[in-house]
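Each remark here refers to the structure printed beneath this line.
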Amino acid sequence: MGDYDRMMSDLNIVKEIDFDQETAALKRSGKPYIKELVPLPDIEEHCQYSQDPEIQNLVEALDDLTSIPEPPEWTKNAFVMTLFCMETAFDCRSYDFLKHAFELFPDRDYLVVTMPHTIPENALLNKFNLVSKKAQNTFSHVLYIIHRDYLYEQDIYVTRTLESDITNIRELITSDGADQPGYEAAMA
């Protein structure tokens with residue numbers, strides 16, 4: 001505890017404390033205070049931040065902590081929309097809006113919606129994931145995100161296997177790894 005108090009005093013975090021009495025008491029107890037400096041390991045000069053050479057070059061070229069370089073085009077995988085309002089009459093058709101939005105951006109997999117926190121949530125946003133706000137963030141809008149594949153959730157359903165499905169299942173398994181473990185068990 002004494003080391004901590006001395007360090008806080010040395011760093012001027014707490015007011016300067018006179019440690020003479022403490023030092024004398026430690027000497028009398030046979031455990032004098034010794035300020036020992038522990039050398040830190042050498043810092044590696046060149047760190048690899050990415051396996052991709054283009055991103056690695058961007059990171060290495062940074063010479064300050066305030067500028068943000070333009071990312072490579074292939075890393076841009078989302079588009080953003082700011083939603084201020086939606087007419088109640090069209091609220092039930094908002095799902096169709098998502099399909100058309102992704103058609104406009106076929107190379108993007110995510111849609112990020114920003115919305116002022118004062119606007120009530122509508123049916124469209126029920127399909128989105130709410131992005132948690134960080135304490136130090138000053139962005140005044142709420143963020144929601146959805147992946148393009150979520151639009152297919154209504155097209156996927158599960159049923160019991162019927163006798164008529166066995167032929168299709170055999171074709172699927174045979175075309176994709178009949179030599180794999182478990183194939184025989186699946187066919188039984």
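Some points to look at:
- Residue in the range 88-109 that is assigned to a strand (DSSP E or B), closer than 21 Å to HIS147 by Cα, out of contact with any helix residue (DSSP H, G or I) (no Cβ under 7 Å at 6 or more places or on another chain) and not hydroxyl-bearing (Ser, Thr, Tyr) present: no
- Selection count, the range 143-167, where residues are free of Cβ contacts under 8 Å to residues at least 60 places away in the same chain, out of contact with any Lys or Arg (no Cβ under 7 Å at 6 or more places or on another chain) and within 28 Å of LYS99 (Cβ to Cβ): 13
- Criterion: farther than 30 Å from ILE145 by Cα, in a loop (DSSP other than H, G, I, E, B) and either touching a residue at least 12 places away in the same chain (Cβ under 8 Å) or in contact with a Cys (Cβ under 6 Å, 6 or more places away or on another chain) (or both) - qualifying residue of ILE17, ILE34: ILE17
- Within the range 55-87, the set of residues being among the acidic types (Asp, Glu), modelled with pLDDT of 80 or more and not in a helix (DSSP H, G or I) comprises GLU70 only.
- One residue from GLU44, GLU103, GLU16 being at pLDDT 75 or above and either on the phi > 0 side of the Ramachandran plot or out of contact with any Phe, Trp or Tyr (no Cβ under 9 Å at 6 or more places or on another chain) (or both): GLU103
- Restricting the range 40-83 to residues that are of a type in the set (S, T, N, Q) and closer than 30 Å to HIS141 by Cα, the residue that is surrounded by the most Cβ atoms within 10 Å (Cβ to Cβ): ASN77
The values are calculated or read from the model by the stated rules, or taken from the named source; none is laboratory data. Given the structure is predicted, the values throughout are model-derived calculations rather than measurements. No Cβ is skipped: glycine too gets one built from the backbone with ideal geometry, and neighbour counts run over all protein chains shown.
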